[in-house]
Every structure is written in structure tokens, then in C-alpha cells.
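Take a look at the structure set out below.
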Amino acid sequence: MSTKVIAVANHKGGCGKTTTVVHLAAELADLGNKVLVIDLDPQANASLHIGLRHPSEVETTSAELLVGDLSLLSDALEEETNFKNVSLIYGSLNLGKTEDQLKDDAARPSEELSSKLELLKGLYDYILIDCPPSLKLLTSNALAASTHVIIPIESGSQYGLYGVTDLINHLSKIRRINPELKLLGALLIKHDERQNVCKLIRDEASTQVGELLNTTIPMSTKVNQAAILQQSLLVLDKNTKVRKSFQQLAKEIVSRVK
Ligand SMILES: Nc1ncnc2c1ncn2[C@@H]1O[C@H](COP(=O)(O)OP(=O)(O)OP(=O)(O)O)[C@@H](O)[C@H]1O
Ligand SMILES: [Mg+2]
């Protein structure tokens, strides 16, 4: 098994990173894959959604793992979550100080996650990494450890592409330490092809990012409902349009990473 590691990154806040990680994980698992989610965001929203425990009760999270010893890996891995066939390495508020600790103490501050994930290669079909809304060391660690990256873009907002060229430049820098990193493309979130602003963002995203995923995700109140209920969309309402979009996304990813 060659494990695909996919970072979902964009330093723009609230563009749909966590939602993408959570529901892509559920759908990849539903297609028969073994999936691990790594939460690298101090807000720990992905952990709050899929974790059986509250992140504040978890002793070994991605924060301890990043600055600690390799032996912490088995403690950090939580096999069971609210989602079938999805495991989790929790995020936590402690990640707030991790970047400073990495800068001060690590030999290679951007490559701590990458070295720790080596041991997990072969155990999962997909590892999905939820990034925080910044381009600092946590996101660099995610990108340095990944085989692929998805960039969610909020389609319904005229500011959806703000800062995206910085992100593309950042990817070029990361490729110096991780030449394997492939851009799967921009993923349009809250997209409605009938709206002019969405069509504009689609064309601009295609130009600025260079790659666009065919699948787009529509706006739906089910997304917030699923988060509140800590459910996947396929459990909440498997026939809803937004769920089918995430299922389609999972299929597209599977065929693109082959
Ligand atoms: N397709 C959608 N339809 C409706 N609401 C959505 C959709 N996708 C995301 N949202 C909502 O938009 C908000 C931001 O989404 P999300 O938390 O996934 O973004 P994020 O990029 O992870 O944010 P942050 O940068 O803070 O980590 C959330 O309240 C989420 O429920
Ligand atoms: Mg998030």
C-alpha cells in the first residue's frame, strides 16, 4: 500500500479546510479506504467533529507529537472516531506554542511531522492533514509531509482568492524540501454555477492556482448540522446534494492520485 498524504491548506480563514478534511475522510473511508486525519489546527475543529473525546482531555495530540519523541506516535494515534474506518491524531490549543518550540529546538523545524509519519506509511490508504489558517510552521510541516495538496477556495465570496498567490509561492519553497508534493488543485466551496461571482472566482482560481478540481461543493445548512451533531453527511442525509458532492470529490481524488 502506498499511502497518499493530502494536506488541505489555505491561510485564508474559514474557506472550508476543516469541512473538506472531515467529509473527504468519511467518503474515502466509505469507498473502502483506511483513513487517518491529522489535526494541526489549534482550534481543533476537525477533532471536535470526529473525535470521541474532547481535545482538551487528550494527553498526546499533534502538538506533543511534533515537538516530542517518535515513541509518542502510538499514544497520539486514536483508532476509533465518530466515523467508521477513520482514525485521528487530535489537534489541541497547545499547538499555539508549537511553532515557537519548533523554531527554538528542532533541527529541521519544517520536517518534524514528515519524519514522524514515515512509520505510518503503509498502514493507511489516505492521511488527510487539516491545516490552520496561517502559512507558518504548522502548515509548512503539513506540506513537507504530504504527497498532495488541496486548496479550498470560498467561491461565494469576492475575497475568496485573497492571498492565494502567496500560498502558491509557499508551495514552491516547500518543494525544495519535498519535491514530491503535487498540487491536486483548487476546490471551490459554497459554489453555485448560476451566480456570476462564483463563475468569476472559478475562472480566477483556475488561472491563479493553475489546477482546478472538477468537483465543486455547494452551500448547504447540512454542513453545520453535521458538525454540531458530530456526524458525517453520509450518516446525516446520504442523499443530499452536498453529501453527493463530497462522495464525488472522494472518487475524483482516488482517480487523480493513482
Ligand atoms: N459547503 C458549505 N455550506 C455551508 N457552510 C459551509 C460549507 N462549507 C463550510 N461551511 C461553513 O463555513 C465555516 C468555515 O468552514 P471551515 O471551518 O471548514 O473552514 P476552515 O477553512 O477550516 O476555517 P479555519 O481557517 O478557521 O480553520 C464553518 O462554519 C462551516 O460549517
Ligand atoms: Mg479549520
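The values are calculated or read from the model by the stated rules, or taken from the named source; none is laboratory data. Computed from a predicted structure; not experimentally measured. Cβ atoms come from the backbone with ideal geometry, glycine included; neighbour counts cover every protein chain shown. These area figures cover heavy atoms from the full protein model, side chains too; ligands, DNA and RNA do not enter into them. Shrake-Rupley method; radii C 1.70, N 1.55, O 1.52, S 1.80 Å.
Brief remarks follow.
- About the centre of its Cα atoms, the chain shows a dipole size close to 1040 debye [charges on the beta carbon of Lys, Arg (+1) and Asp, Glu (-1) only; nearest 20 debye].
- For the pair ARG175 and LEU229, the difference between a 0.36 nm per residue extended length and the Cα-Cα distance amounts to 15.6 nm.
- For the stretch 1-70 and the stretch 169-201, distance of Cα centres in Å: 19 Å
- Dipole orientation for the stretch 55-129: of the candidates LEU66, LEU93, LEU120, LEU120 has the Cα lying most toward the positive pole (charges on Cβ; Lys, Arg +1; Asp, Glu -1).
- Dipole-positive endmost among THR81, LEU187, VAL37 within the stretch 4-253 (Cβ charges, Cα centre): LEU187
- Straight-distance crosslink candidates among lysines, where the alpha carbon sits under 24 Å from LYS238 and sequence neighbours closer than 8 are dropped: LYS17, LYS34, LYS84, LYS190, LYS222, LYS251
- Extension gain, ASP100-ARG53: 0.36 nm per intervening residue step, less the Cα-Cα distance, totals 14.2 nm.
- The charge dipole of the stretch 75-184, taken about its Cα centre with unit charges on the Cβ atoms of Lys, Arg (+1), Asp and Glu (-1) only, comes to about 460 debye.
- When you filter the GluC sites (Glu not before Pro) in the stretch 140-242 for DSSP loop state and at most 10 other Cβ atoms inside 10 Å of their Cβ, you are left with GLU180.
- Under Karplus coefficients 6.51, -1.76 and 1.60, residue-wise ³J(HN,Hα) of the stretch 202-210 in Hz, glycine/proline x: 4, 5, 5, 4, 4, 6, 6, 8, x
- Per-selection Rg to Rh, the stretch 200-240 - Cα, Kirkwood hydrodynamic radius: 1.16
- Full-extension gain in nm, LEU31 to LEU93, via 0.36 nm per residue minus C-alpha separation: 19.1 nm
- For the chain, the fraction of 1.4 Å probe accessible surface lying on carbon and sulfur atoms is 48 percent.
- Å² per residue, accessible surface of the chain at 1.4 Å: 45 Å²
- Computed over the chain, the convex hull of the alpha-carbon atoms projects to a mean area of 12.3 nm².
- Value of Rg/Rh across the stretch 59-195 [Cα atoms, Kirkwood radius]: 0.98
- Percent of Cα pairs in the stretch 1-65 per distance bin of 5 Å, from zero to the largest separation: 3, 15, 26, 24, 20, 11, 2.
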